[in-house]
C-alpha cells in the first residue's frame, strides 16, 4: 500500500525522518506520525530488520505484525547510508525535515555523518533524536541489548512474576514482560523529548535529544527504586497488594483493588456481607493488610463460582474498583473502544484490512487518525527529495 494522503493533527505540516533498526526509534516516529507529521522511514535495499520479525500476519512470513503496527502511516525510502549517494540523499531530506530520529550504533555514526556534531553543524534547526538502549553517553553507550536485558537492567525484570502469578508458579525464575516493553518506553520518551525540543525551537534552535531505553524503563519501577533509599529491596514475592489483584472467576479473571474505606465497604456488600468481612477488626485498613492472604482466600472462593460479567456489573454499581480482563479479540470488539475510536481498519499489503490501535491518547478530546497501513518497501518517490 502506498500512503499518499495526509492526515490532519497537531503536528500536521511537520516532517520526521527516521533511521531505525529497532523498536524504540520506529515507535517514536509512529507516535509523531499519528499526530499528523509526515514520516519517512529510511530503509536499506533489504528493508528494515523489523520487517522480518515475527509474529507474522500471513502464512508466508512476509507481513510482520510488529512492523505493520510500528510503521503504519509512514512512507518508505530506500537509502543506502554507506554510500556517497545515500548520504547526499539523507542530507537533502534533513534540510527539509523538522525531526530526525536515529538508532545507529555509536561506532557507525561518524562514518555516515550521523554523529551529533556533524548533524548539528549542517542542520542547526533540526531536532536530532538519538534512541539507543543505554543512551549515547556514558560507560554503556556502545552496548546493544535485547528487550529482556533492558527490562532486567531497569530493575523491573527482577520483580516478575508477582501477585497471582507467583502464587501459581512459585518456583518460576524472573521473566520479562511480553514483547518489547522497555523499547516501547524508550520510544515514548523519544517522542516526548522530540516534542519538548520542538516546543523550544523558536528560542533555542535545533537540539540534540539523547534517549536511553533503560532510563525510560526505570521510571516504570520508580516506586521500587525509591524504596532503595530507606534500605528496602523489593522482591517479586512481596510485590502485590495484600488482597485483591487478579481474581480468578468461573469464566475468566477480574482485577480488583480497594484503596479507600468506601471501596472496601462496597466490596463487603458485593460479597453478601459474610460474617468474616463484618469482623470489626477489618474496619482498620492496616489490619486488612495484615490479613490480606486470608481475605483473598475468601474473595477467590466467592468469585470462583461466579461469572465475570455479573461480578463487574454488580461491583461497579457499588463503586468497587474492578474490571474484566479482556482477550485481544474482545478488546477490539468492545463498544467502549469503538466509541473512543481507538481502533481503525488499515490495509496491510498481502493481508487485507485489519483493525489497528491508532493511539493510546486523544488530542483535544478527539481520537487521532492513521494515515494508512505500513508502507511497501521504497514506496516514497525519490523525486520528492530531489534524488
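The values are calculated or read from the model by the stated rules, or taken from the named source; none is laboratory data. For clarity, every value in this text was computed on a predicted model and none was experimentally measured. All Cβ positions, even for glycine, are placed from backbone atoms using ideal geometry, and neighbour counts span all protein chains on display.
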All positions within the range 159-183 that are over 26 Å from residue 55 (Cα atoms) and under 20 Å from the mean Cα position of the chain (by Cα): 159
For the range 12-43, give me the residue count where each residue is within 15 Å of residue 96 (Cα to Cα) and touching a helix residue (DSSP H, G or I) at 6+ places or on another chain (Cβ under 6 Å). 4
So which of 306, 262 is more than 13 Å from residue 244 (Cβ to Cβ) and part of a helix (DSSP H, G or I)? 262
From the options 246, 268, 320, residue that is touching a strand residue (DSSP E or B) at 6+ places or on another chain (Cβ under 9 Å), surrounded by 12 or more Cβ atoms within 10 Å (Cβ to Cβ) and at pLDDT 95 or above: 320
Could you check residue 82 against (1) surrounded by fewer than 22 Cβ atoms within 10 Å (Cβ to Cβ); (2) touching a strand residue (DSSP E or B) at 6+ places or on another chain (Cβ under 8 Å); (3) over 22 Å from residue 370 (Cα atoms) and say which number it fails? (2)
Considering only strands (runs of 3 or more DSSP E) wholly within the range 12-83, the ones with at least 2 residues that are touching a residue at least 12 places away in the same chain (Cβ under 8 Å) and within 22 Å of the chain's Cα centre (by Cα) are 15-19, 38-43
Of the conditions (1) under 26 Å from residue 16 (Cβ atoms); (2) surrounded by fewer than 18 Cβ atoms within 10 Å (Cβ to Cβ), residue 165 satisfies every one except a single condition; which number is it? (1)
Residue 14 fails exactly one of the following numbered conditions: (1) under 19 Å from residue 119 (Cβ atoms); (2) crowded, with 22+ Cβ neighbours inside 10 Å. What is the number of that condition? (2)
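Determine which member of the set 251, 347, 355 is in the same structural domain as residue 73 (by TED's automatic domain parsing), in contact (Cβ under 8 Å) with a residue 40 or more places away in the chain and at negative phi.
Details: 251 fails: in the same structural domain as residue 73 (by TED's automatic domain parsing); 355 fails: in contact (Cβ under 8 Å) with a residue 40 or more places away in the chain.
The conditions single out 347.
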